[in-house]
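Structure, as structure tokens:
Only the coordinates and a few stated rules stand behind these numbers; no lab work does. Fair warning: this is a prediction, and the values are worked out from it, not measured in the lab. Cβ sites come from the backbone with ideal geometry, for glycine too, and all protein chains shown count toward neighbours.
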Amino acid sequence: MSIVHEIELEAQSAVAPVQGRSQWQLTWRRLRGDRVSMVALVVIVIMVVLAIAAPVFAALTGHPPNVAYPVTGENAAGNPVGPFTNGFILGTDSTGRDLLVRILYGARVSLFVGVVTTFIATALGVAIGLMAGYFGGIADTVLARFTDAVLAFAYVVLAIALAVVYGPSLTIIMLVITFFSWAGIARIVRGQTLSIKEKEYIEAARSLGAGPFRIMFFDILPNLLAPVLVVGTLYIPQAVVFEATLSFLGLGVQPPTASWGNMLADASNFYQVAWWYVVFPAAALLITTLAFNLLGDGIRDAMDPRTERLLAARRLRRKNRKKRKTGVAGTGPNPDFPDPVHVGQIP
Amino acid sequence: MAADDVLVRVENVVKYFPVKAGGLFRHTVGHVHAVDDVSLVIERGKTLGLVGETGSGKSTLARCVAGLLPVTSGRVTFDGRDITKLSRGAMRPLRREVQMIFQDPYSSLNPRRRVGSIIGDPFAIHKIATGSERKRRVQELMERVGLNPEHYNRFPSEFSGGQRQRIGVARALALRPKLIICDEPVSALDVSIQAQVLNLLSDLQKDFGLSYLFIAHDLEVVRHVSDRVAVMYLGRVGEAGPKDALYNRPRHPYTVALLSAAPAADPDTAAARQRVILTGDVPSPIDPPAGCRFHPRCPKAQPLCATEEPRLVPDMAAEPAADGDGDSGAATAGTAGENVHLTACHFPVAAGENLAAAASREFA
Amino acid sequence: MAIVGYLVRRILTGIVVVWLVATAAFFLFFARPVETVARLLAGHAATPQVITEVITNLGLNQPILTQYWRFVDGLLHGNLGYSYYSQESVNTILKQDLPPTVSLVIGGTILWLIAGLSVGIISATRARSLFDRASNVAVLIGLSMPVFVIGELLILVVFLPLNEHGITWIDTGYSGPTSGLGSFFGHMVLPWITLASVQAAVYTRLSRGQLLDTLGEDYIRTARAKGLSERRVIFRHAVRAALTPVVSQLGVDVGQLLGGVFVVEIVFGLGGIGQATVQAVDQDNLPVIIGFVIIAAVFVVVANIIVDLLYAALDPRVRIT
């Protein structure tokens, strides 16, 4: 960088706002520009609201989740009734319960398990990975072996073992999911910590007299939050799938408590007579996990500085196309320079 | 020279790094001899330049002096206190007196923290100032090193390389240290920016009475800032002396070769100069050569060089009776005072000797 | 000869691992009060005398170490014990149920690797093409779907309509290869697709990302500059380097695969080990469950040895010692 340039920068910064933009502000700004991520976010918010409001729906329809309606909810052959029949918006299940209300109650279980287990697993994984990466040595070796063992362990085996000993329950599956999630996060955090540890600013902190915990929490952790946020977002749908699978196998949430997994297990007996019993819970599950996956991908892209260039290129293309369409030449911004509004964003 | 003038005394410092091999049961198979029996003195208010190639051990030595690495053996005394055996807690007060400026202005600043928080870190760690008091002092520092104090809330990524190095200087200055160790502080910067940072460093030295241990591989930069210069090769000091003596009358063949390899600005000078081209590579520091470490590449090497290790001594013929303290046998670089020129060579290069000719003779 | 020594060592550690897992399972399961088990077996209406009798018959009243010794002794002789219910040997039960499970695992794994890697490689070499975009969408959906949902949807939209129109080649249940290869494939094709789909999505994403990174390396540019054909650049230089991290992921996914096997067996009624185990869990049939745990441990150990050998074959830097 030339002196001239530096002086220029100095002059610019004299008038520019003094508040620097944090990485989070930049990420949010980029994320807001990504339509897919925004749709995914809206879907997630709606799902959460619906899950919280499940009792309201139960009250509105007058169908509590665990009450069967053998008269209105089943047809003459004793099979479930279809959507929009007798006041059942999405139809009924095998015992004549309101499918919509049960799907909403299932959402409560899924989202609760997904968010809580991911949160615990992330906290555990970050703490353990950070310590192992920073201190190294024997602790690190033990952790690496243990992590490998956990990752190679068949989750079904543990789920079965615990279900046999303590009986299947929500607590057990949350334990199993957490147990199989933290190791992956710890591994990522450990790897990142190892590379950050070699940076000169860590040595600078040590030369200032900072202790290991201050360095871990003030210097390393802020650099880890981005990858951890991405991984965390992507672990939520995994945990949701995990819960559904275990409940499907009968190792998780037990009927009559509604869970998407146990509903779909029951639905498998009614393929031919009640397609809605399979399709609606499956759709609820898919929409939820897909939304989290899309949002996680979006956040990852938004955190990647390379994305800014891609977005700028896309903006430029769009602008050029518009220009060509309107046929006005020379009035648009110089394509070599992105419009000034965005200049400051590039870190 | 009074003992008061000495801020740091490095005595026979040795630093080995174990080399490990094997999977589960790792065992040490050798040592990297990063720093091997080095003695130096840094005087109050003065700058000691440390020159050497990559891997010569100069950065390791700097970290030993800063107390960031434990020494394998030897002593480092700071202000009369031995700092090599201090616990982490006992080290803390010392951290306020020795600070470092790092080579890479990009990796030495945490990209996720605001500048104010980076420069204010020393205050936070040592619980010196909080809240608005901390902010005031940070902004004072920013102004002192030539940064706009209003950029307090910006991130390092919003600054240029030169500005970032100023941030590093401000951080090092925060605790008003006595010694600042500059580990190649300008080698990552553009030449035009280098001068600005060097001038800032020398202004600060005057204003605050700082001592510098200045590490670089650029000979001209070291000449510009240093009072004394020490040349390191493979973990040892080959030659040390006052800047002018060392640059004008180098005595160690390695120093001669280094100086002849430096680019000269004047094309006539460059054309007139005869370059000493060294043969071979720097030997492995895991298994350094016996005798003089430089002998496998030295154009003047004799059988004696391979067997007996030369001591770092003043040239008695040229400078008889250096200081008269009668300790010249165990002289350490700089102990004998400002104007003593020490060389560790059995056959030092005499004034006017043509080393380039000797080197090319060997080629023929 | 290094490889023989390596294999021997890996197999010995593998045996230790299996023994540890078996022991852990044994003590975990048998730490429960024996009355619960006995009451379950004897029925709710059983008198205390009947329960005592059941306990004595099953040997549950003996000291736990004696029981453990009997268990280990059986293991050493390849005997996994006897079912609580049918008094049938667990070996026989598992042996009966092994063919569907093995067919499922082998076929599913082949399909998963072929689909995952080839789609990943094509996507990476044609980044941002229509194919790449479509495969990205498919991958995301695959990642978001639990295995059993894919299975149920396949039954709903493929099997049922075909069946209604009289096409009965594709079927649920299991039919061994000995009773006609055609019918074997017909019964297995949907389970294979189901088992492979989720894992294929993971591997498509992984191999695409790795290959894209590799294709950006300097040595790939050098290879192109040397005038090599694009095919040679991709297959001789890039794919090999890009696949090593993918293979190391394989070892991790073996455990995941087992979960998928369970689900697929239940969805398609294949009647394999997974289905037998889930049934055993329902019935608290401990010997069968422990038998399954041991088989699973053996499976994971063996699969990891294979993966490590594969890894060493792909990455010249990894030496087997």
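Please average, across the residues of A:231-238, the number of beta carbons from any other chain that are within 10 Å of each residue's own beta carbon, and give a whole number.
Per residue, the number of nearby Cβ atoms from other chains is 1 on average.
Please give the charge dipole size of the stretch C:98-284, origin at the Cα centre, charges +1 on K and R Cβ atoms and -1 on D and E Cβ atoms. Round to the nearest 20 debye.
Approximately 1280 debye in magnitude.
How big is the antiparallel share of DSSP beta bridges in the protein assembly as shown, given as a percent to the nearest 5? Before the final figure, lay out each step's value.
Numbers: 33 of 53 bridges.
Taking every DSSP beta bridge with both residues in the protein assembly as shown, the antiparallel ones total about 60 percent.
Set Lys and Arg Cβ to +1 and Asp and Glu Cβ to -1, take the dipole of the stretch B:114-172 about its Cα centre, and tell me which of B:G146, B:I119, B:S157 lies farthest positive.
Checking the options against the dipole of the stretch B:114-172, the answer is B:I119.
Post the alpha-carbon centroid distance, the stretch A:44-111 to the stretch A:262-285, in whole angstrom.
13
If you project the alpha carbons of the protein assembly as shown onto the principal axes, what extent comes out on each, in Å, largest first?
Taking the Cα atoms of the protein assembly as shown, the three principal extents are 117, 82, 63 Å.
Mind listing which trypsin sites (Lys or Arg not before Pro) in the stretch C:123-231 are in a DSSP loop and have 10 or fewer other Cβ atoms within 10 Å?
Answer by residue number: C:R128, C:K226.
Ranked highest first by the average count of other Cβ atoms within 10 Å around their residues, in what order do C:117-123, A:217-223, A:184-190 fall?
A:184-190, C:117-123, A:217-223
Which of the residue pairs B:K20/B:K85; A:K199/B:K58; B:K127/B:K178 have a Cα-Cα distance greater than 21 Å in the structure shown?
Working: B:K20/B:K85 25 Å; A:K199/B:K58 19 Å; B:K127/B:K178 19 Å.
Exceeds cut-off: B:K20/B:K85.
Once you average over the residues of A:257-264, how many Cβ atoms of partner chains fall within 10 Å of each Cβ?
Per-residue shielding by partner chains comes out at 1.
Give or take rounding to whole Å, what are the principal axis extents of the alpha carbon atoms in the stretch C:98-284, in descending order?
Sorted from largest, the Cα extents of the stretch C:98-284 read 63, 41, 33 Å.
Can you list residues from other chains, or at least 5 along the same chain, whose modelled amide H is less than 5 Å from the amide H of B:G238?
B:V231, B:M232, B:Y233
Residues of A:159-166, mean number of Cβ from any other protein chain within 10 Å of their own Cβ, rounded to a whole number? Intermediate results must be reported in sequence, preceding the final value.
Details: counts 3, 10, 9, 1, 4, 12, 5, 1.
Mean inter-chain Cβ contacts per residue within 10 Å come to 6.
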